[in-house]
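Read-outs throughout are calculated quantities, based only on the coordinates presented, and are distinct from any laboratory measurement. All figures in this text were calculated on a predicted structure; none of them were measured in a lab. Positions of Cβ are backbone-derived with ideal geometry, glycine not excepted, and every protein chain shown enters the neighbour counts.
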Amino acid sequence: MSTIALLGTAAASIALLLLLIIRFQLHAFVALMLVSLLVAVATGVPVGDIIPTLIAGMGGTLGSVAILVALGAMLGRMIEVSGGASTLANRFTQILGPSRVPAALTAAALVLSIPVFFDVGFIILIPIVYGFCKAAGVSPVKYGLPVGGIMLAVHVVVPPHPGIVGGAAVLGADVGWITLIGLAVCVPLAFLSQFAASRLNRREYTMLPETAAQFRNFGTGSAQGAAGKLPSVAAILALILIPLGLIMLGTTGATTLPKGDALRNLMSFTGAPIFALMVAIGLAFVLLVRPLGWSRARTNEVMESALPSAATVILVTGAGGVFAKVLTVSGIGTALSQELAATGLPLILLGFVISLALRAAQGSATVAILTTCGLLAESIQAGGYSALQVAVLTVAIGFGGLGLSHVNDSGFWIVTRYLGLSVADGLRSWTVLTTILGVAGFLLTWLIWALVS
């Protein structure tokens, strides 16, 4: 199939997907699976490979998402029903004042997202966002949007996240320089995320019915223990910070210790997000269940009540992975990057544009960054650039993977479902915010490039 035909098919598939979900209100999971099948047929994927490709896309996504979403939902539900999220929100609102809470949450998200992958950190913080929003009487999108924006910005340009680390390896870039540059740019982006989200939130978004019901009932019911007690702020902070600390130690070990080292292997195991969340749930039995006097039946009821809402997030996210897989296998991403590489743009701008286009075409920021670095590796290595300049180029490519998060991105579905945004509202808010942050991050990186060139 020609390049023009491939790109036309990609554009038509996204348009059809949006039409099915927004206009005809077809469930996102069904729409994603249907359009993925049609794209595979239209682009000439062999008939015998179509179903295995769909399964691979679903399995590859769910392998990393399903367990995390389920465990994170259980932990969040236990924190919610115990009254812990409301206790924490009320306490910090008293200390900071209502006007400072959104900025404080965004700043905390920036720090916490350094060692933690975007989806894991967002899922862990969701009950806290809900608690603060419930205390302030606002929609979760008011506080959750800027939190998600800065967490994703850190995810694409700050090691040890996989896309930027892999890109650094491909280009031979210095990880230390990348870390310094990435963090230096992300600090002003945190302010921009807060400002841009406040402007986007001037629009009132109608929450999805299931999310609205979940948020409306958040913290209600049997929120206290048998003795009428509520969990302490320290207990709730421990349930949030201990798993994040384990993950941080794991990524630190992977970065600083040599491969094959026994301590590195141990830290990698204990720092795996799945293990860290299991530890947090175990701690919840000690810090919440026992002090509040919950029975075993009550505890199981609370944990099981988290799964219905988590199931929707898991299935839709998996279907997003199927769509992304089909777009990749069909050759659409490769065709797009080759066309852009022939434009003759300045190298730093070319890296950003290719990465951004690949991100829009196939959804994965990690794939976009790694593919772009591979395409430009020969040009960068032959350019005689200093270590600092190569690091700046790598960060610019990373910011290309930030923008245009939309329906083929599993992160889009996680954010929109937890914040109660419809697809149309997600495109108006989350997609716009990620694109603003991506472009702004690139412009700041280009400024650094001008200073070091």
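Mark the label point 7 Å from the Cα of residue 428 along Cα→Cβ and return the residues of segment 1-41 whose backbone N is within less than 17 Å of it. 18-19, 21-25, by backbone N distance to the label point.
Near residue 26, the amide H atoms lying under 5 Å from its own belong to 21; only residues 5 or more places off or on other chains count, and H is placed 1.01 Å from N. Rounded to whole numbers, the Karplus 3J(HN,Hα) couplings from phi for segment 410-425 are 4, x, 4, 6, 4, 5, 5, 5, 6, 8, x, 8, 5, 4, 4, 5 Hz, using 6.51 cos²θ - 1.76 cosθ + 1.60 with θ = phi - 60°, and x at Gly and Pro. Note on residue 104 and residue 347: their simple-model spin labels are 4.6 nm apart, each label 7 Å out from Cα toward Cβ. For the pair residue 49 and residue 217, label points projected 7 Å from Cα toward Cβ lie 4.6 nm apart. Compared with the alpha-carbon gap, the fully stretched path from residue 279 to residue 30 is longer by 86.2 nm at 0.36 nm per residue.
Bridgeable aspartates and glutamates around residue 325 (alpha carbons under 19 Å apart, same-chain partners fewer than 8 residues away excluded): 49, 119, 409.
Got a sec? Which residues in segment 374-396 would a label at residue 180 touch, if it sits 7 Å along Cα→Cβ and we count backbone N under 15 Å? What the label zone holds, given the 15 Å backbone N cut-off, is 386-393, 395.
Given all pairs of different Cα atoms, what value in angstroms does the Kirkwood hydrodynamic radius of the chain take? Don't jump to the answer; show the numbers that get you there.
On the way: mean 1/r = 0.0443 Å⁻¹.
Answer for the chain: a Kirkwood hydrodynamic radius of 22.6 Å.
With the cut-off at 1.5 for a/c, could you classify segment 128-220 from its C-alpha gyration tensor as rounded, prolate or oblate? Cα axes put segment 128-220 in the prolate bin. Helical content of the chain, expressed as a calculated mean residue ellipticity at 222 nm, amounts to -25000 deg cm²/dmol (DSSP H runs of 4 or more residues, -39,500 (n - 2.57) each, divided by residue number, nearest 500).
Peptides 400-411, 201-212 ranked from most to least packed, by the mean per-residue count of other Cβ atoms within 10 Å: 400-411, 201-212. Between residue 15 and residue 254, the modelled label-to-label distance comes to 4.1 nm, taking each label 7 Å out from Cα in the direction of the beta carbon.
On C-alpha positions alone, give me the angle between the axis of helix 118-136 and the longest principal axis of the chain, in degrees, nearest 10. Helix 118-136 and the main axis of the chain meet at about 50 degrees. For the peptides 232-239, 147-154, 279-286, residues were scored by their other Cβ atoms within 10 Å and the scores averaged per peptide; the highest-first order is 147-154, 232-239, 279-286. Counting only residues at least eight positions apart within a chain, or on another chain, the lysines with an alpha carbon under 26 Å from that of residue 229 are 134.
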